[in-house]
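Engineer: Before we start, here is the structure in question, set down as structure tokens.
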Amino acid sequence: MSFHSQVIYQIYPKSFYSASGGSTGDIRGIIEKVPYVASLGVDWVWFNPFFASPQRDNGYDISDYYAINPDLGTMADVEEMITAFNAEGINVMFDMVLNHVSTEHEWFKRALAGEREYWDYFYIRPAQISEDGSQLPPTNWESKFGGNAWVRFGDYTDEQGTPLYYLALYDRTQADVNWHHEPARRALFDVVNFWYDKGVRGFRFDVINVIGKDTVLRDAPAGVIDKTLYTDTPVVHTFIQDLNRSSFGPREGTVTVGEMSSTSIENCVGYSHPAQEQLDMVFSFHHLKVDYDQGQKWSKVPFRFAELKNILNDWALGMQAGGGWNALFWNNHDQPRALNRFGDPQRYRTESATMLASVIHLLRGTPYVYMGEEIGMIDPVYEGIEDYVDVEAHNAYDMLLQQGVSADRAFEIVASKARDNSRTPMQWTSDPDVGFGTSKPWLAPAVASDAHTGAGISVADEERPGSILSYYRRLIALRKEYEIIAKGSYESFALDHERVFGYERVLGEQRLLVLNNFFGEENTISVPKAYALSKVLISNYEDADEQLAAGVALTATADEFELQLKPYQSLALLIG
Ligand code: NOJ
């Protein structure tokens, strides 16, 4: 079975389940939950990094790619976990963070200790001397987590006595690795091969489209954050081809996905077109910026539906035209819960969660489910900034205060966008400790009951017909049963509709129309007459067959009939 018909489940290990009763989830906890993951019908499980790390960026700051973070388990535990998933027919996908290493990594420590050959593993550059003689960092690039992207490299200076800096596009303890330096590149390829030999078949490459900085680094125009200086450069494609050929490419049974920051359709076609020998698919993020105010993440405005729909449509069409392949997702460990952003967790939690699921699972691409999404988990309601753990949330809060934003508003903004929103413990039960295995988790759980219905938000509560969980299981199974979902082409539908996102999938004589009402009131949409005799493949309302019959009987003209979609209704109609 190819990845076109497969579904990937993402586990944030620190927050999945604690078998040891410590403050974090652990590998043995994951092993205990293998049967649950298998019950979803997914084919792959992607784990956020659980390698040795000082945890400045929750494991994306790796100090040893070959060692397991002792808080989470041992190498033997990881091997057992791989075997346990494989026994259920599930493959594992590891997170390869190859753009940067922790400053606690041996390479950086040796560089800092003065071993010159390790200086080449990083971007080490002298300060710029401005006209008035003052010193500036080597370029004006912004770190993704705030502030300038350069950090003073010990006390070192160049021959002229100018201070040296190292590049850190993320946290200051995540030093960017110089991929131009062949020994560094080869050492990273060895990491992938080591894990392949342990039975890992999937690889998710973290921010892989920023690995190709130029050899001469240039300033962005004053006052501008110009990511193109280090993003999607031509050499990124060359480096990924080298990665492919030197690691997973010649090996059997692999699936790869690249995380692409601030990218374009054109580049993503290149990254994922099979003939390019780069990756199988790509994550892009434009659809998750439609609730940014003027491009600023740290803002709080309602999402712009027309923009969301156009982006999803453009990417579906563009990737198809170029022969590329999308990874499809609403949630991950870096995003607040989509249910809070694009749904209505207060009044229509089940309806909006299932509608959002349909949008992704019936599209052209490979769907990803982030733990907790399948049970309709929502963002936590914390009291103050101290409840957040993530370095990015704290940096953003400080930045907003410095910009003169009031403390209340700054908190409100951070609460709406913080990455911790999705990192709260997985809710196995609706008890106060959410059945996480410990009463003192590293991050406080989100609310475990539905504010409107009072029903629990947990796996235990969702094990019933008509639940969000049952709906996800059905969607995952449909992709395997119906080739049109896995392989059909994508066509736009009613692009101008202001409330409904629709699209069609086409395979030979078959057509599948997917209609999604993104709002909490009824909305009407005209449907071609050909669908009058269609079959309801799936809907998140029970009486969809009657609804279809009523629409046809009441409103049919020669070419079309009208369907009245209920709040957050999703309806998929199949002909042929
Ligand atoms: C993207 C990861 O998803 C995120 O969690 C991390 O902070 C950055 N890459 C840096 O590794």
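Engineer: Only one of Gly249, Gly258, Gly199 is of a type outside the set (D, E, K, R), under 20 Å from Phe3 (Cα atoms), in contact with a strand residue (DSSP E or B) (Cβ under 8 Å, 6 or more places away or on another chain) and surrounded by fewer than 20 Cβ atoms within 10 Å (Cβ to Cβ); which?
Structural biologist: One residue alone meets the criteria, Gly199.
Engineer: While we're looking at this one, here's another question. Restricting to the range 105-128, and then to whatever is of a type in the set (A, V, I, L, M, F, W, C) and either assigned to a helix (DSSP H, G or I) or without any contact (Cβ under 8 Å) to a residue 40 or more places away in the chain (or both), can you tell me which residue is surrounded by the fewest Cβ atoms within 10 Å (Cβ to Cβ)?
Structural biologist: Of everything passing the filter in the range 105-128, Ala113 is surrounded by the fewest Cβ atoms within 10 Å (Cβ to Cβ).
Engineer: Take residues that are closer than 19 Å to Lys309 by Cβ and touching a residue at least 24 places away in the same chain (Cβ under 8 Å) and tell me which of the strands (runs of 3 or more DSSP E) falling wholly in the range 517-576 contain 2 or more.
Structural biologist: On the way: elements: 523-528, 535-539, 560-565, 570-575.
Because the criterion is at least 2 residues that are closer than 19 Å to Lys309 by Cβ and touching a residue at least 24 places away in the same chain (Cβ under 8 Å), the strands (runs of 3 or more DSSP E) in the range 517-576 that meet it are 523-528, 560-565, 570-575.
Engineer: What are the residues in the range 56-70 that are within 14 Å of the ligand (Cβ to nearest atom) and either touching a His at 6+ places or on another chain (Cβ under 6 Å) or without any contact (Cβ under 8 Å) to a residue 60 or more places away in the chain (or both), if any?
Structural biologist: Result: Gly59, Ile62, Ser63.
Engineer: When you scan the range 176-183, do you find a residue that is part of a strand (DSSP E or B), over 17 Å from Met96 (Cβ atoms) and within 16 Å of the ligand (Cβ to nearest atom), even just one?
Structural biologist: no
Engineer: Now a separate question. Assuming Ser53 fulfils every condition listed in (1) more than 16 Å from the ligand (Cβ to nearest atom); (2) small (Gly, Ala, Ser); (3) in contact with a Gly (Cβ under 7 Å, 6 or more places away or on another chain) apart from one, which condition is it?
Structural biologist: Only one criterion in (1) more than 16 Å from the ligand (Cβ to nearest atom); (2) small (Gly, Ala, Ser); (3) in contact with a Gly (Cβ under 7 Å, 6 or more places away or on another chain) is unmet by Ser53, namely (1).
Engineer: When you scan the range 408-506 for helices (runs of 4 or more DSSP H) that lie fully inside it, which ones turn up with 3 or more residues that are within 30 Å of Arg56 (Cβ to Cβ) and more than 23 Å from the chain's Cα centre (by Cα)?
Structural biologist: By residue number, no helices (runs of 4 or more DSSP H) qualify.
Engineer: Condition test on Ser422, is it touching a residue at least 24 places away in the same chain (Cβ under 8 Å) and in contact with a His (Cβ under 7 Å, 6 or more places away or on another chain)?
Structural biologist: In short, yes.
Engineer: Could you look through the range 346-388, keep only residues that are in a loop (DSSP other than H, G, I, E, B), touching a helix residue (DSSP H, G or I) at 6+ places or on another chain (Cβ under 8 Å) and without any contact (Cβ under 8 Å) to a residue 60 or more places away in the chain, and pick out the one that is farthest from Asp408 (Cα to Cα)?
Structural biologist: Gly372
Engineer: Give the range 98-128 a look and list any residue that's within 16 Å of the ligand (Cβ to nearest atom) and aliphatic (A, V, I, L, M), or say none.
Structural biologist: Leu98, Val101 - these are the residues of the range 98-128 that are within 16 Å of the ligand (Cβ to nearest atom) and aliphatic (A, V, I, L, M).
Engineer: Are any residues in the range 129-143 without any contact (Cβ under 8 Å) to a residue 40 or more places away in the chain and surrounded by fewer than 18 Cβ atoms within 10 Å (Cβ to Cβ), and if so, which ones?
Structural biologist: Ile129, Ser130, Glu131, Asp132, Gly133, Ser134, Gln135, Leu136
Engineer: With assigned to a helix (DSSP H, G or I), of a type outside the set (Gly, Ala, Ser) and under 22 Å from Pro234 (Cβ atoms) as the only criterion, which of Phe189, Phe194 stands out?
Structural biologist: Just one listed residue meets the conditions, Phe189.
Engineer: Further question: Pairs please, first residue from the range 275-293 and touching a residue at least 40 places away in the same chain (Cβ under 8 Å), second anywhere and of a type in the set (Asp, Glu), Cβ atoms under 7 Å, 6+ apart in sequence or on different chains.
Structural biologist: Phe283/Glu259
Engineer: Is it the case that some residue within the range 211-227 is over 22 Å from the mean Cα position of the chain (by Cα) and within 16 Å of the ligand (Cβ to nearest atom)?
Structural biologist: Scanning the range 211-227 turns up at least one residue that is over 22 Å from the mean Cα position of the chain (by Cα) and within 16 Å of the ligand (Cβ to nearest atom).
Engineer: Could you tell me which of the residues Glu131, Glu142 is away from the ligand (no atom under 16 Å from the Cβ) and modelled with pLDDT under 95? Outline the logic, then answer.
Structural biologist: Working: Glu142 fails: away from the ligand (no atom under 16 Å from the Cβ).
None of the other options fit; the residue is Glu131.
Engineer: Which is touching an Asp or Glu at 6+ places or on another chain (Cβ under 7 Å), of a type outside the set (Val, Ile, Thr) and in a loop (DSSP other than H, G, I, E, B), of Phe248, Phe303?
Structural biologist: Phe303
Engineer: Going by the structure shown, is Glu259 within 16 Å of the ligand (Cβ to nearest atom) and either among the polar types (S, T, N, Q) or modelled with pLDDT of 95 or more (or both)?
Structural biologist: Judged against the criteria, Glu259 is a match.
Engineer: Can you name the condition, by its number, that Trp315 falls short on among (1) aromatic (Phe, Trp, Tyr); (2) part of a helix (DSSP H, G or I); (3) within 16 Å of the ligand (Cβ to nearest atom)?
Structural biologist: Result: Trp315 fails condition (3) only.
Engineer: Looking only at the range 221-256, which residues are at pLDDT below 95 and either out of contact with any Lys or Arg (no Cβ under 7 Å at 6 or more places or on another chain) or of a type in the set (D, E, K, R) (or both)?
Structural biologist: Answer for the range 221-256, where residues must be at pLDDT below 95 and either out of contact with any Lys or Arg (no Cβ under 7 Å at 6 or more places or on another chain) or of a type in the set (D, E, K, R) (or both): Pro221, Ala222, Gly223, Val224, Ile225, Asp226, Lys227, Thr228.
The values are calculated or read from the model by the stated rules, or taken from the named source; none is laboratory data. Because the structure is predicted, anything quoted here is derived from the model rather than measured. Counting neighbours? That spans all protein chains shown, and the Cβs are built from the backbone with ideal geometry, glycine included.
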